[in-house]
Amino acid sequence: MRILYVVGTRPNFVKTAPVIGALRERHPEGRHTIVHTGQHYDRLMSEVFLEELGVPAPDHLLEVGSGSHATQTARTMERLEPVLVAERPDLVMVPGDVNSTLAATLTAVKMGLPVAHIESGLRSFDMSMPEEVNRIVADRFAQWLFLHSEEAVGNLQAEGIPEQRMHMVGNTMIDTLVALEERIRAAGSAAHLGLGPGSYVLVTLHRPALVDGPLLGETVTQLAALAQQLPVVFPVHPRTRKMMEGLEPDAPGLHLVDPLGYLDFLSLIADARAVLTDSGGIQEETTYLGIPCFTLRDNTERPVTINAGTNTLLGLDPAAIAGIPAALTERGDAPSEPPPLWDGKAAERIADVILS
Ligand code: UD1
């Protein structure tokens with residue numbers, strides 16, 4: 001069997017690495033081809049992740065880079081098509097909900113190639129998010145849908161997707177965390193910033209709704225105020241860095257740092273008092289690790305993380321950041337449980353389904 005994996009962004013690597021590992025091990029006689037679209041291309045956003053996660057060097061680099069949605073999607077489709085013609089895969093695997101996912105799904109489906117979608121069925125019900133459009137298209141056309149939480153079943157059923165295509169396998173992003181947990185715990189990244197465990201708030205923000213407009217300035221002001229009570233560590237995504245030009249405050253306790261590798265970043269999550277984010281994957285990683293997460297968005301496609309007791313939706317409202325210290329005091333050390341099947345074995349289950 002020839003399996004071709006299409007990855008393009010930081011979270012894609014984390015979600016796909018264990019699947020590539022499991023399938024290569026269980027089906028060594030197969031052909032496993034990795035295509036990197038190049039949607040993320042800075043060393044800190046790409047190579048570092050592939051190296052740390054033990055993903056073999058990609059067989060094809062499409063180098064699509066940045067651009068408008070249409071440009072990025074079209075460029076990926078145009079460059080992927082000849083690769084699919086040459087490789088003739090029996091299955092194209094796509095993870096997540098980024099533009100690379102959308103482009104790869106459309107290209108493969110139009111060539112009559114079966115697609116498998118990792119992390120299927122998540123919905124924010126907010127069509128202004130590019131990811132929502134990407135997910136819906138991937139789920140509509142993929143033949144194999146790999147789900148990580150119960151609500152995905154209802155979301156897909158509501159769109160008329162037959163249940164035979166759905167496979168509840170668990171969370172492959174958590175597989176990566178489980179596989180590297182010892183190294184994550186040993187990394188001690190907070191100490192390198194002079195911070196003790198449980199003493200700081202870790203922040204990530206990169207979504208257009210928050211960083212591409214006036215809310216960013218207000219958010220930075222709120223972070224500077226929060227840092228007077230609890231140190232704030234903020235690894236800044238390149239998109240956010242660009243938008244923050246001229247806004248960088250000189251606030252003691254606010255550590256603005258470059259994007260971090262996987263191990264360093266997960267070590268910072270594991271030792272944080274709390275995390276403030278607009279990311280999807282980080283809502284899941286904090287849930288597994290039992291770290292309080294405050295999500296600066298109006299909605300989440302991952303309500304399972306709220307039910308688990310770790311995640312709180314703050315709304316798309318920078319002023320809500322001021323309430324974090326009080327919320328933490330009130331919350332105390334409330335217990336939390338990872339959702340079912342977030343156990344490090346999701347990729348094995350995907351391999352079971354594909355190889356049977
Ligand atoms: C993309 C995904 C988003 C995901 C995020 C994870 C889409 C629509 N969005 O958002 O769902 O949560 O990745 O990080 O697919 N840039 C660099 N270097 C890089 C990559 C990006 O400087 O290696 C800068 C460029 O200015 C670029 C901007 O970041 O224009 C945005 O990058 P892009 O890949 O379009 O979207 P992300 O914001 O990273």
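The values are calculated or read from the model by the stated rules, or taken from the named source; none is laboratory data. What you see is a predicted model; the values in this text were computed from it and never measured. Cβ sites come from the backbone with ideal geometry, for glycine too, and all protein chains shown count toward neighbours. These area figures cover heavy atoms from the full protein model, side chains too; ligands, DNA and RNA do not enter into them. Shrake-Rupley method; radii C 1.70, N 1.55, O 1.52, S 1.80 Å.
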Ordering of 258-269, 94-105 by burial proxy (mean other Cβ atoms within 10 Å per residue, highest first): 94-105, 258-269
Separation of alpha-carbon centers, segment 158-216 and segment 238-266, rounded to whole Å: 17
Helix-only mean residue ellipticity at 222 nm for the chain, each DSSP H run of n ≥ 4 adding -39500 (n - 2.57), per residue, nearest 500: -13000 deg cm²/dmol
Coarse-grained scattering of segment 1-60 at q = 0.19, 0.30 Å⁻¹, given as base-10 log I(q)/I(0) from a Debye sum over alpha-carbon atoms: -0.62, -1.37
FRET efficiency, R2 to A74 (Cβ-Cβ, R0 41 Å, nearest 0.05): 0.95
Carbon/sulfur fraction of accessible area - the chain, other protein chains in place, 1.4 Å, %: 53
Centroid-to-centroid separation of segment 279-356 and segment 108-126 [C-alpha atoms, Å]: 23
Residues of type aspartates and glutamates that K110 reaches as a straight line, Cα spacing below 17 Å, ignoring anything fewer than 8 places off in the same chain: E78, E81, E87, D90, D139
Global size of segment 107-243 as Cα Rg and Dmax, reported in angstrom: 19.7, 57
For the chain: accessible area per residue (Å², 1.4 Å): 40
Simple Cβ-charge dipole of the chain, Lys/Arg +1 and Asp/Glu -1, about Cα centre, in debye nearest 20: 540
Overall Cα dimensions of segment 98-182 - principal axes, largest extent first, Å: 42, 30, 26
Anisotropy class of segment 168-299 from Cα gyration tensor, a/c 1.5 cut: oblate
Whether segment 179-254 is rounded, prolate or oblate, judged on the alpha carbon gyration tensor where a/c under 1.5 counts as rounded: oblate
Rounded if a/c under 1.5, otherwise prolate or oblate - segment 1-126, Cα gyration tensor axes: rounded
Taking the chain and dividing mean pair separation by its residue count, relative contact order in percent (alpha carbons under 8 Å, at least six apart): 16
Dipole in debye (nearest 20) - segment 1-87, about Cα centre, beta carbon charges: Lys, Arg +1; Asp, Glu -1: 200
Mean Cβ neighbour count within 10 Å, used as a protection proxy, ranking 122-134, 277-289 highest first: 277-289, 122-134
Length released on extending from L316 to R140, taking residue separation times 0.36 nm less the Cα-Cα span: 60.5 nm
Net +/- balance of residues flanking A274 in space, Cβ distance below 14 Å, scoring K and R +1, D and E -1: -2
Length added when fully stretched, Q228-L61, from 0.36 nm per residue minus Cα-Cα: 55.7 nm
